[in-house]
Amino acid sequence: MSRPRFALLDASGRDSDTRRNFRRELDADLVEFAASEGELPPGDAYDEFDGVVVTGSRASVYWDEPWIEALVEWVAGAAERDLPILGVCFGHQVVAEALGGRVEGMEEFEIGYREVDRVDPENPLFDGIDERFTVFTTHGDSVTDLPSGAEVLAENEYGVHAFRVGNAFGVQFHPEYDPETARNVSNGKRERLGDDRVDAVLDGITDENYAAACEAKRLFENFVGYTNGVRPDTAATTRTSDA
């Protein structure tokens, strides 16, 4: 099977950890776009990719920002063409918004290593992952209304942590994070959450917790395999141009 070619839509504001993490975890040829700076693939370029990955962000999907509107619109177009999509955290919320769901602010911020429960044990994105698994979370928004026809894949007491609509998947947690990223992100929340809570999160960033969370990285391998199954024998290996 050919190596897939993905559009990586980076909504992080060029955060130094984001692209490093996705480059490490995705066994695919990535064409990277600074989505938070208004950089997206052309609207007629969907057929150039075997899949789309939308990253996390410090932004909220419901902010009145031109780049967010453009990103949601582009992802909606990708979904209309049945292009496999994986949204992570903010990307999860973008997918929900693009397909007609709703995202709202939460009363309580979720951050740190948490346990999440699978709802659909047969879903291919979570193949090989335990029914209850550990992940690193950091978000103050959540998907409160799922798109029509959405299937919940995972959840915890904070709400929906994964869903699927057709070939589009969203995960609220961060399977791509390494301990360095988890520490950097947590330290960046001191003004919002206070030193005591952030210090408690940092205390939980241990080798043991990270090892447990590595199980969820399997979903990247599963997504790559899924895209190969949806779009077999594509011409991805013949396309070598980068954005």
Could you list, in sequence order, the residues of the range 121-143 that are in contact with a Lys or Arg (Cβ under 8 Å, 6 or more places away or on another chain) and within 20 Å of residue 85 (Cβ to Cβ)?
123, 125, 126, 127, 129, 135, 143
Anything in the range 192-206 that is without any contact (Cβ under 8 Å) to a residue 24 or more places away in the chain and either open to solvent by 60 Å² or more (accessible area, probe 1.4 Å) or in contact with a strand residue (DSSP E or B) (Cβ under 6 Å, 6 or more places away or on another chain) (or both)? List them, or say none.
195, 196, 199, 203
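So if I check each of 45, 70, which one is more than 17 Å from residue 95 (Cα to Cα) and of a type outside the set (D, E, K, R)? Walk me through it before giving the result.
Working: 70 fails: more than 17 Å from residue 95 (Cα to Cα).
Result: 45 is the single residue among 45, 70 that is more than 17 Å from residue 95 (Cα to Cα) and of a type outside the set (D, E, K, R).
Listed here are the residues, each with its yes/no results for (1) out of contact with any Cys (no Cβ under 7 Å at 6 or more places or on another chain); (2) among the aliphatic types (A, V, I, L, M); (3) buried (at least 19 other Cβ atoms within 10 Å of the Cβ); (4) at positive phi.
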position	(1), (2), (3), (4)
108	yes, no, no, no
116	yes, yes, yes, no
126	yes, no, yes, no
135	yes, yes, yes, no
152	yes, yes, no, no
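Name the one entry in 173, 163 that is of a type outside the set (A, V, I, L, M), buried (at least 24 other Cβ atoms within 10 Å of the Cβ), touching a strand residue (DSSP E or B) at 6+ places or on another chain (Cβ under 8 Å) and in a strand (DSSP E or B).
Only one candidate passes the filter, namely 163.
Within the range 1-98, which helices (runs of 4 or more DSSP H) (wholly inside it) include 2 or more residues that are open to solvent by 10 Å² or more (accessible area, probe 1.4 Å) and among the charged types (D, E, K, R)?
Numbers: elements: 16-25, 66-80, 90-98.
In the range 1-98, 16-25, 66-80 are the helices (runs of 4 or more DSSP H) which contain 2 or more residues that are open to solvent by 10 Å² or more (accessible area, probe 1.4 Å) and among the charged types (D, E, K, R).
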Members of the range 187-229 that are polar (S, T, N, Q) and in a helix (DSSP H, G or I):
187, 209, 222, 227, 228
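The values are calculated or read from the model by the stated rules, or taken from the named source; none is laboratory data. All values reported here derive from a predicted model rather than from experimental measurement. We place every Cβ from the backbone using ideal geometry, glycine too, and count neighbours over all the protein chains shown. We work out accessible area using only protein heavy atoms, side chains counted, and drop any ligands, DNA or RNA first. Shrake-Rupley method; radii C 1.70, N 1.55, O 1.52, S 1.80 Å.
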